[in-house]
Amino acid sequence: MKKFLTLILVAAMTLSLVACGSKKESKKFTMGIDPEYPPFSYMGDDGSYTGFDVEICKAVCEKLGYEFNVFEVNWDEKLVQLDANECDCVWAGMTILDSMKEAGYTLSAPYYSNTQVLLVKEDSGIASSADVAGKDVAVMLGTSGDELLNTDLKDLADTFNNVITCDSFLKCFTELGGGAVDAVFVDYPVAASYAKENAGYKIIDENYGAEEYGIAFRAADKELCAEIEKAVAELVADGTYAKIAEKYPDIIDNLVFLR
Amino acid sequence: MENVLEIKDIQKSFGDNHVLKGISVSVNKGEVISIIGSSGSGKSTLLRCATLLEKADSGSIKYHDTYVAKTENDKEVYLSKKELNKVKSYFGLVFQQFNLFPHYSVLKNVMDAPISVQKRDKAVVEEEARELLKKMGLEDKADAYPCELSGGQQQRVAIARALALKPDILFFDEPTSALDPELTGEVLKIIRNLAEEKMTMVIVTHEMSFARAVSNRVIFMDGGYIVEEGDPEEVFGNPKQERTKQFLRNYQQ
Amino acid sequence: MSLFTMILKMSEGLGRTCAIFFLTILFALPLGMVVALLRMSKRKVVSAVTRFIISVLRGTPLMLQLLAVTYGPYYLFGFSVSRNKLVPVIIAFAINYAAYFAEIYRGGIESISKGQYEACEVLGYTKAQTFFKVILPQVVKRIMPSVTNEVVTLVKDTSMAFTVSYQEMFTIGKQIANSQTSFMPFIVAGVFYFVFNAIVDFVMGWFEKKLNYYH
């Protein structure tokens with residue numbers, strides 16, 4: 001049955017290719033996006049879709065010689081629409097959920113990750129979050145870290161002696177450097193850049209409040225997924241990826257491939 | 001006759017302004033001396049030097065047998081602070097502007113210095129203070145505050161305050177100049193009563209008829225010098241110096 | 001979060017707000033007098049230096065001074081930052097308010113007539129007696145309105161302790177406002193400050209009345 005379907009499909013594609021004429025082997029690649037999710041995908045000033053995901057996808061298509069196409073998914077129905085071949089992938093700032101893996105979808109490696117980490121002093125003897133129990137932790141007011149400690153990570157926060165809310169990252173780090181707190185709970189990229197510029201700090205990453213974006217393909221499209229991933233890796237290698245990312249400063253620090 | 005105060009040849013300048021140009025005054029016990037003269041003649045400065053509010057540039061000041069200040073090797077030498085405090089109990093000063101302590105009641109104004117400076121017994125001081133206020137005609141004002149009193153009453157409190165320390169000599173610096181004319185009488189009457197009790201007093205005043213009536217001696221100062229000094233009847237009735245005559249003439253007009 | 005929980009949470013910080021307020025008053029009032037006396041010193045160097053310090057303290061935001069006191073020693077000398085933020089907060093507040101009080105005192109002291117000093121001198125009072133028995137009581141009465149002004153400002157300034165993450169009432173209010181995306185904590189804070197100041201006004205008014213037995 002499946003073979004038959006594929007046959008029809010190939011036949012249809014061959015027909016369309018013939019119809020198109022001049023271009024040879026121009027395969028269509030349809031990207032499923034959420035058109036209202038800036039800066040990943042949204043409608044640009046000229047009325048066409050743009051955004052970080054869209055631009056990367058375009059570059060990938062160019063590299064692979066695919067014809068780039070966009071399909072606006074209905075967010076709640078995105079996987080159903082994917083299964084119905086309305087699009088070849090859902091690539092739209094989408095958080096990878098365990099439920100998707102369980103349902104058998106082919107998922108790319110995460111390209112965007114927003115996790116909270118603990119920044120501690122190297123010589124503090126703190127090796128895991130368990131060591132922070134009974135200690136003072138600084139967090140910046142209004143950040144995801146602050147929000148998480150009050151909601152999803154309330155249990156973790158309760159093991160701390162005190163959560164100190166600062167109104168800037170600099171103050172959080174000063175408190176840590178000055179020994180007034182034992183750890184800073186902060187977004188990974190912020191912690192990483194501080195630890196890089198200042199000696200004597202280390203990051204404890206236990207995937208707190210992890211939010212990872214990836215691309216979903218149909219279960220059977222493992223090859224396609226690998227092909228896209230490889231193309232993305234090439235874009236990263238030749239600098240195109242970074243060049244595009246620079247246009248989106250709000251998310252650049254969370255892009256896994258640029259770390 | 002017992003000498004209370006002897007001032008010899010004192011000089012005082014404020015910058016270029018030479019205010020006292022060698023003044024000598026001697027005050028005997030029981031004497032009442034009036035110092036008259038136009039403003040700027042140096043009479044107030046003389047009083048301020050005598051009461052140690054100003055330091056003289058040269059010359060000597062002696063209370064009883066104690067030299068408060070004298071010139072040694074061209075330098076004016078004052079007693080040490082501690083010794084000066086002892087001398088301060090020899091004299092009292094009544095200011096033109098009263099300078100009562102506004103936050104103290106009348107009674108406390110009079111009692112505070114004897115208690116906290118002279119360390120005398122509170123009960124005794126209070127008895128004496130009430131007696132003094134009675135003498136000033138203010139026995140019913142003991143609990144009032146200075147702001148509730150007329151200028152004349154305030155000046156009488158100030159006199160009582162000075163007397164409470166039992167000084168040997170009392171100085172008055174134009175005691176009625178800040179008062180309304182109708183209030184000067186009550187203050188002058190008190191001073192007259194003190195004169196009758198043989199209180200030693202030096203009074204800087206513009207009240208000529210009062211000075212004539214109450215003093216044993218009158219000193220007329222002009223331009224930093226003592227121009228004329230003598231019996232009040234003589235100085236007022238028959239002045240010898242032209243400047244004295246001119247001053248008194250201006251006053252009568 | 002219910003309004004009641006909100007008020008309850010913010011009340012926890014109110015104790016710290018009161019601590020800043022009372023400790024600042026306790027230290028700044030006498031310290032201000034010391035500064036005022038140094039400012040009026042006859043030694044020109046002392047008075048000039050004091051004057052400069054006062055102008056720096058009055059001419060820079062309290063927020064910066066809080067940062068300087070809390071984090072300055074760490075950045076300059078590598079000293080550790082105090083875990084108990086009340087200490088640097090009180091130091092910064094007391095120094096800042098002492099500068100303001102000093103100028104108020106100075107104005108008050110200089111408004112006392114020379115005659116009061118001369119009367120004391122002639123009566124034989126010592127310098128200390130003159131100051132404490134005669135001058136200071138009159139100064140206190142004269143400066144009461146200005147001091148009340150500063151005290152009212154202090155109540156509101158306590159919120160500045162947020163700068164160094166001291167968990168006083170307003171800091172907690174801000175956190176609640178942020179997590180609940182609600183404006184309500186600010187209204188609650190406003191009511192707290194208003195009531196606090198109404199009490200301050202009442203007490204200072206009572207005190208001024210007590211001093212009104214003379215003028």
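The values are calculated or read from the model by the stated rules, or taken from the named source; none is laboratory data. All figures in this text were calculated on a predicted structure; none of them were measured in a lab. Neighbour counts run over all protein chains shown; Cβ positions are idealised from the backbone, glycine included. For accessibility, only protein heavy atoms count, side chains too; no ligands or nucleic acids. Shrake-Rupley method; radii C 1.70, N 1.55, O 1.52, S 1.80 Å.
Please report the carbon-and-sulfur percent of the accessible area for chain B; probe 1.4 Å, protein heavy atoms only, DNA, RNA and ligands left out.
Values: 5110 of 11510 Å².
C and S fraction of accessible area: 44 percent.
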Chain A, helix-only ellipticity at 222 nm - DSSP H runs n ≥ 4, -39,500 (n - 2.57), divided by all residues, nearest 500: -11000 deg cm²/dmol
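Can you give the Rg to Rh ratio for the range C:44-143, taking only C-alpha atoms and Rh from Kirkwood? Could the numbers behind the result be given before it?
On the way: Rg = 18.6 Å, Rh = 16.2 Å.
My calculation of the ratio gives 1.15.
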Magnitude of the charge dipole, the range C:1-88, Cβ model with Lys/Arg +1 and Asp/Glu -1, debye to 20: 420
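Using only Cα atoms, what is the ratio of the radius of gyration of the range B:29-150 to 2.2 N^0.38 Å? List each step's numbers first, then the result.
Numbers: Rg = 17.6 Å, N = 122, 2.2 N^0.38 = 13.7 Å.
Here the answer is 1.29, to two decimals.
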GNM result for chain B, Cα springs below 10 Å: residue of B:L84, B:L53, B:L133 fluctuating most strongly: B:L53
³J(HN,Hα) computed for each position of the range B:206-211 - Karplus, 6.51 cos²θ - 1.76 cosθ + 1.60, integer Hz, glycine/proline x: 10, 8, 5, 5, 5, 4
DSSP H segments from chain A that extend 20 Å or more along their own axis, Cα-based, with Kyte-Doolittle mean of -1.0 or above: A:2-20, A:222-238
Once the Cα gyration tensor of the range C:99-154 is diagonalised, semi-axes √(5λ) in Å: 26, 9, 8
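When each pair of different Cα atoms in the range C:4-64 is counted once in the 1/r mean, what is the Kirkwood radius in angstroms, to one decimal? Before the final figure, lay out each step's value.
Details: mean 1/r = 0.0706 Å⁻¹.
For the range C:4-64, inverting the mean 1/r across all distinct Cα pairs yields 14.2 Å.
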Drop in accessible area of at least 30 Å² in the complex versus isolated chain, residues of the range A:115-147, 1.4 Å probe: A:L141
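Can you give me the accessible area per residue for the range A:164-259, using a 1.4 Å probe, in Å²?
Details: 4320 Å² over 96 residues.
Result: 45 Å² of accessible area for each residue.
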Among A:I203, A:I33, A:I164, residue whose mean-square fluctuation peaks in a GNM of chain A (springs only between Cα atoms under 10 Å): A:I164
Rg/Rh ratio calculated on Cα atoms of chain A (Kirkwood radius): 1.08
Calculated log₁₀ intensity ratio I(q)/I(0) where the Debye formula runs over C-alpha points of the range C:3-211, q = 0.17 Å⁻¹: -1.18
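To the nearest µm²/s, what D does Stokes-Einstein give for chain B at 37 °C and 0.692 mPa s, using the Kirkwood radius over alpha carbon pairs as Rh? Write down the numbers at each step before the final one.
Values: Rh = 18.9 Å.
So the translational diffusion coefficient is about 174 µm²/s.
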Long-range amide H partners of B:V4 with built H, under 5 Å: B:V27, B:N28, B:K29
Most mobile listed residue (B:R212, B:R243, B:R161) in chain B, GNM with C-alpha springs under 10 Å: B:R243
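Per the 1.4 Å probe, what fraction of the accessible area of the range A:114-210, in percent, lies on carbon and sulfur atoms?
On the way: 1760 of 3910 Å².
Carbon and sulfur together cover 45 percent of it.
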Per-residue ³J(HN,Hα) for the range B:38-48, Karplus 6.51 cos²θ - 1.76 cosθ + 1.60, θ = phi - 60°, Hz, x for Gly and Pro: 6, 5, x, 7, x, 5, 5, 5, 4, 5, 5
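How long are the semi-axes of the ellipsoid equivalent to the range C:144-183, from square roots of 5 times the Cα gyration tensor eigenvalues, in whole Å, largest first? Walk me through the numbers on the way to the answer.
Details: eigenvalues 146, 24, 6 Å².
Rounded to whole Å, the semi-axes are 27, 11, 5.
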Shielded residues, the range B:102-134 - accessible-area loss of 50 Å² or more between chain alone and all protein chains, probe 1.4 Å: B:P102, B:H103, B:V117
Heavy-atom accessible surface that C and A bury in contact, both chains counted, 1.4 Å, Å² to 100: 1500
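Taking the Cα centre of the range A:114-210 as the origin, how large is its charge dipole in debye, to the nearest 20, when only Lys and Arg (+1) and Asp and Glu (-1) carry charge on their Cβ atoms?
In total the dipole reaches around 200 debye.
Send over a whole-number figure in Å² for the accessible area per residue of the range B:17-131, probe 1.4 Å. Provide the component values of the computation, followed by the final result.
Details: 5020 Å² over 115 residues.
Averaged over the residues of the range B:17-131, the accessible area is 44 Å².
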Degrees, to the nearest 10: C:114-123 long Cα axis against longest axis of chain C: 60
Debye equation applied to the C-alpha atoms of the protein assembly as shown, log10 I(q)/I(0) at 0.05 Å⁻¹: -0.52
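What is the projected area of the convex hull of the Cα atoms of the range A:83-230, averaged over all directions, in nm²?
On the way: hull surface 42.3 nm².
The orientation-averaged projected area of the Cα hull of the range A:83-230 comes to 10.6 nm².
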Kirkwood Rh, Cα atoms: Rg over Rh of the range A:147-252: 1.08
Nitroxide proxy distance, nm - points 7 Å out along Cα→Cβ at B:K134 and C:R83: 7.3
Degrees between helix C:44-59 axis and first principal axis of chain C (Cα, 0 to 90, nearest 10): 30
Label-point gap, in nm, between A:K222 and A:R259 - each point 7 angstrom along Cα→Cβ: 2.6
Separation in nanometres of the label points that stand 7 Å from Cα toward Cβ, at B:K86 and B:D9: 2.7
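Rounded to a whole number, what is D in µm²/s for the range A:35-151 from Stokes-Einstein with the Kirkwood radius over alpha-carbon pairs (25 °C, 0.890 mPa s)?
Working: Rh = 17.9 Å.
My calculation gives 137 µm²/s for D.
Summing both sides, how much accessible area is buried between B and C? Use a 1.4 Å probe and give Å² to the nearest 100. Intermediate values should be presented prior to the final figure.
On the way: alone 12530 and 12730 Å², together 23220 Å².
So the buried area, both faces added, is about 2000 Å².
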The range A:206-259 - Rg and Dmax from Cα coordinates, angstrom: 13.2, 35
Whole-percent carbon and sulfur share, accessible surface of the range C:3-211, 1.4 Å: 70
Debye intensity ratio I(q)/I(0), log10, the range A:163-217, q values 0.18, 0.27 Å⁻¹ (C-alpha model): -0.65, -1.25
